[in-house]
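Read-outs: derived from the displayed coordinates by stated rules, not from any lab. All figures in this text were calculated on a predicted structure; none of them were measured in a lab. For neighbour counting, all protein chains shown are included, and Cβ atoms are generated from backbone atoms with ideal geometry for every residue, glycine included.
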Amino acid sequence: MMKSWLVCFVFTVTVLTTLATQNQPTAEKNNQVVLKYLGTAGWEISDGTMTILIDPYLSRINGPPPPGGHPMPGDVRRAFRWDDVATPDIATIDSHIQRADFVLVTHTHYDHVLDVPHIALKTGAAVIGTESTENVMRAYGVPEEKLITVRGGEDYQFGSFSLKVIPSIHSPLDHKRYFSSATAPAGMKAPLTLEQIHPEGGTLAYLIRFHGHQILAFGGMNYIEREVAGLEPDVALIGAGVSRKEIYDYSGRLMRDLHYPAIVLPTHWDNFLAPYSASQQPALEALQSFVQEIVAASPKTKVIVPKYFEAIPLETVAK
Ligand SMILES: [Zn+2]
């Protein structure tokens with residue numbers, strides 16, 4: 001009797017231990033945060049349950065170049081003008097975006113916002129952005145309860161993540177001549193032209209706190225130093241296009257202000273006027289100077305040059 005009790009006890013302990021070991025990786029897996037670069041300033045951040053998109057722009061139309069930008073030579077696709085109807089590439093979006101819970105938009109330029117109405121309507125995601133961005137969403141019939149308008153300074157809790165909205169400024173395009181105080185007005189109705197979805201409406205950055213990580217995301221090549229000083233992200237998505245060179249000690253100040261983040265992911269460095277299939281070799285070569293700047297300012301930081309749609313899993317942080 002005693003012996004069978006002992007066998008039973010040992011068996012139970014063994015089963016419980018096995019269950020515990022089996023559950024361990026599953027529990028960790030649920031906290032695994034994975035980033036994916038969508039091109040331009042676009043990112044997907046997900047733990048498999050909660051999916052957050054930042055500036056998702058997958059259409060990569062042959063659109064009007066930004067000041068100082070150039071269309072891809074030999075592009076035979078339709079060339080869009082400012083007064084053409086803003087037409088996202090639904091097939092491309094749908095082949096890559098299956099779900100989203102939140103879409104964060106840094107500013108209302110077409111290379112950040114063109115695809116967002118379709119993604120919001122398709123996935124039911126809430127769209128967080130400036131009044132200008134939300135007015136574009138309203139024009140496309142994104143329901144009011146899915147719109148969260150911010151101006152910078154907010155720090156909101158959303159279930160499994162929290163979001164600090166950071167006032168920021170736009171890339172100093174056209175050798176610092178770029179300036180826009182334009183805002184998309186209320187009361188517009190789709191279809192809108194590219195020009196109508198391109199009034200900057202102010203620029204924001206976002207700090208996402210998610211499973212022990214702090215991910216700082218910029219949508220362009222500029223920042224307000226006092227707004228980012230003292231943040232301590234372990235992952236920073238930093239605008240790495242050439243216009244950053246207009247800014248005094250861009251990478252050095254940022255690395256010091258952010259206390260030397262463990263991982264830097266360059267963003268908004270590719271030629272977004274070219275389709276995914278085109279070579280980004282010139283942009284990749286230009287990116288090397290950014291990598292060098294970061295490494296010089298912060299030798300322990302790991303700079304990962306992202307490939308389109310390739311999963312970048314973050315180390316799981318013990319809670
Ligand atoms: Zn812009």
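Quick notes on this one:
- The distance between label points at Gln157 and Met188 comes to 3.6 nm (points 7 Å beyond Cα on the Cα→Cβ vector).
- As a length-normalised measure over Cα pairs under 8 Å and 6 or more apart, the relative contact order of the chain settles at 19 percent.
- Under the convention that each Lys and Arg Cβ holds +1 and each Asp and Glu Cβ holds -1, the size of the dipole of the chain around its Cα centre is about 560 debye.
- Membrane-span-like helices of the chain, defined as complete DSSP H segments with a Cα extent of 30 Å or more along the helix axis and a mean Kyte hydropathy of at least 1.6, are absent.
- Ranking Pro167, Thr316, Ala182 by how far each Cα lies toward the positive end of the dipole of the stretch 161-319 (charges on Cβ) leaves Thr316 at the top.
- Global size of the stretch 109-159: 10.8, 30 Å for Rg and Dmax (C-alpha atoms, Rg to one decimal, Dmax whole).
- For the chain, the Cα gyration tensor yields ellipsoid semi-axes of 39, 24, 19 Å (square root of five times each eigenvalue, largest first, whole Å).
- Choice from Lys176, Lys36, Lys245 showing the highest fluctuation, given a GNM over the chain with Cα pairs closer than 10 Å: Lys176
- For the chain, modelled as a GNM whose springs connect Cα atoms under 10 angstrom apart, the maximal fluctuation among His118, His96, His109 occurs at His96.
- Simple spin-label estimate for Val291 and Val34 in nanometres, 7 Å along Cα-Cβ: 2.4
- Among 282-292, 73-83, the order from most to least packed when residues are scored by Cβ within 10 Å on average: 282-292, 73-83
- Added length on full extension, which subtracts the Cα-Cα distance from 0.36 nm per residue, Gln98 to His70: 7.0 nm
- Relative contact order computed over the stretch 95-178 (Cα-Cα under 8 Å; 6+ residues apart), in percent: 21
- What the Cα convex hull of the stretch 102-245 gives, in volume per residue, is 114 Å³.
- Computed over the Cα atoms of the stretch 238-310, pair by distinct pair, the Kirkwood hydrodynamic radius stands at 12.9 angstrom.
- Multiplying the residue separation of Tyr248 and Tyr276 by 0.36 nm and subtracting their alpha-carbon distance yields 6.9 nm.
- For the chain: lysine pairs under 15 Å (alpha-carbon distance), excluding those fewer than 8 apart on one chain: 4
- Linear extension gain, Tyr178 paired with Ala283, 0.36 nm per residue minus alpha-carbon span: 35.7 nm
- Within the stretch 142-195, the percentage of alpha carbon pairs spaced more than 15 angstrom apart rounds to 71%.
- Gaussian network model of the chain, Cα within-10 Å springs - most flexible of Thr183, Thr133, Thr87: Thr87
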